[in-house]
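What follows is a short report on a single structure.
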Amino acid sequence: MGIARRFSRILHREIDVHAAWLPVTNTFRLGDYGMVSDGVLVKMGNIDEFGVEFVPGAGRPAELQFRSDGTKVRRVVGGAEAPSFPQVDLGAEIVIDFKAADSIYISANLVSEEMQNVAQVGAALRNAGGWRRRYRVVSSVYSAEHCTMISAREANSRITISGTAEALRLLELGQAHADVTVSSEESLGLNLAGRSGVVGLRMFTLRALGGGTRLLNADTDEQDLVEHVVDEDLTDDI
């Protein structure tokens with residue numbers, strides 16, 4: 001399993017959203033559409049190209065604290081292990097031992113923006129020339145500020161995050177800043193500490209029968225849905 005699909009499954013399970021890949025460094029926004037490949041959305045454009053407008057609004061926030069199975073995390077302050085980080089300027093470290101390849105460590109607080117009129121948007125797209133039902137549309141975006149997302153490419157990897165005890169305390173609360181250093185022995189995959197950007201997406205497609213929209217969530221079997229809508233589009237094209 002690739003790291004992109006693994007990351008997407010984590011977001012499905014933890015907060016019921018799809019991954020925005022690459023996390024944080026992407027440019028996804030409400031109304032983007034495309035197809036899903038390897039568990040993540042490949043952007044093709046935005047629905048504004050079809051003259052379709054939507055009403056944006058604030059959605060529910062979410063907290064994301066995740067450690068892959070087998071991951072061990074140690075806190076070190078002034079050279080000694082500690083149960084937690086004090087609010088002091090002493091030198092400190094978070095030492096992360098990943099048991100499996102493509103393991104992930106995440107600490108993030110998310111805010112969301114969402115379409116307030118999905119049904120109206122779906123109706124407009126159904127009547128838009130050139131629109132295909134297989135397209136997924138981004139109806140919510142989940143963004144993090146000062147988040148931390150780190151992965152290891154290889155099994156039995158050790159990654160160390162260094163900074164002051166106060167900086168690392170904030171990092172564990174999903175409020176990391178740029179004054180931390182991430183290091184490893186050539187096994188580092190994702191290295192996002194103190195970064196801000198879009199992390200997750202909610203999407204919908206148009207239903208084949210009865211009109212309306214179909215929200216995609218963690219219970220949706222992506223492969224079955226892809227095959228289903230491909231068959232529908234083949235029927236439309238005949």
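The values are calculated or read from the model by the stated rules, or taken from the named source; none is laboratory data. Computed from a predicted model, the values in this text were never measured in an experiment. When we count neighbours, we look across all protein chains shown, and the Cβ atoms used for this are built from the backbone with ideal geometry, even at glycine.
Just a few scattered comments:
- Counting only residues that are in contact with a helix residue (DSSP H, G or I) (Cβ under 9 Å, 6 or more places away or on another chain), of a type in the set (Gly, Ala, Ser) and either buried (at least 21 other Cβ atoms within 10 Å of the Cβ) or at pLDDT 95 or above (or both), region 125-160 holds 2 of them.
- Matching residues, region 1-49, being in a helix (DSSP H, G or I) and among the hydroxyl-bearing types (Ser, Thr, Tyr): SER8
- The residues of region 191-205 that are on the phi < 0 side of the Ramachandran plot, buried (at least 19 other Cβ atoms within 10 Å of the Cβ) and either free of Cβ contacts under 8 Å to residues at least 12 places away in the same chain or small (Gly, Ala, Ser) (or both), listed by number, are ALA193, GLY200.
- Condition met for SER84 (polar (S, T, N, Q), touching a Lys or Arg at 6+ places or on another chain (Cβ under 9 Å) and farther than 26 Å from ARG153 by Cα): yes
- Among the residues of this structure, VAL55 does not count as one that is under 29 Å from ALA123 (Cβ atoms) and without any contact (Cβ under 8 Å) to a residue 12 or more places away in the chain.
One line per residue, one yes/no per condition, for (1) surrounded by fewer than 17 Cβ atoms within 10 Å (Cβ to Cβ); (2) modelled with pLDDT under 95; (3) touching a helix residue (DSSP H, G or I) at 6+ places or on another chain (Cβ under 7 Å):
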| residue | (1), (2), (3) |
| --- | --- |
| SER8 | no, yes, no |
| ASP16 | yes, yes, no |
| THR27 | yes, no, no |
| LEU30 | no, no, no |
| SER37 | yes, yes, no |
| GLY57 | yes, no, no |
| GLN87 | yes, yes, yes |
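- Any hit, region 97-115, residues being assigned to a helix (DSSP H, G or I) and either of a type in the set (Gly, Ala, Ser) or within 24 Å of the chain's Cα centre (by Cα) (or both): no
- Hits in region 158-174 - residues which are touching an Asp or Glu at 6+ places or on another chain (Cβ under 8 Å) and in a loop (DSSP other than H, G, I, E, B): GLY174
- Any hit, region 104-127, residues being more than 28 Å from GLY34 (Cβ to Cβ) and in contact (Cβ under 8 Å) with a residue 12 or more places away in the chain: yes
- The requirement of being within 26 Å of THR164 (Cβ to Cβ), of a type in the set (Val, Ile, Thr) and assigned to a loop (DSSP other than H, G, I, E, B) is fulfilled nowhere in region 76-85; no residue meets it.
- Pair list, Cβ under 7 Å, 6 or more apart: region 25-41 residue within 12 Å of VAL199 (Cα to Cα), other residue small (Gly, Ala, Ser) and part of a loop (DSSP other than H, G, I, E, B): ASN26/ALA20; PHE28/ALA20
- Qualifying residue in region 19-40 (condition: of a type in the set (Asp, Glu) and within 12 Å of the chain's Cα centre (by Cα)): no
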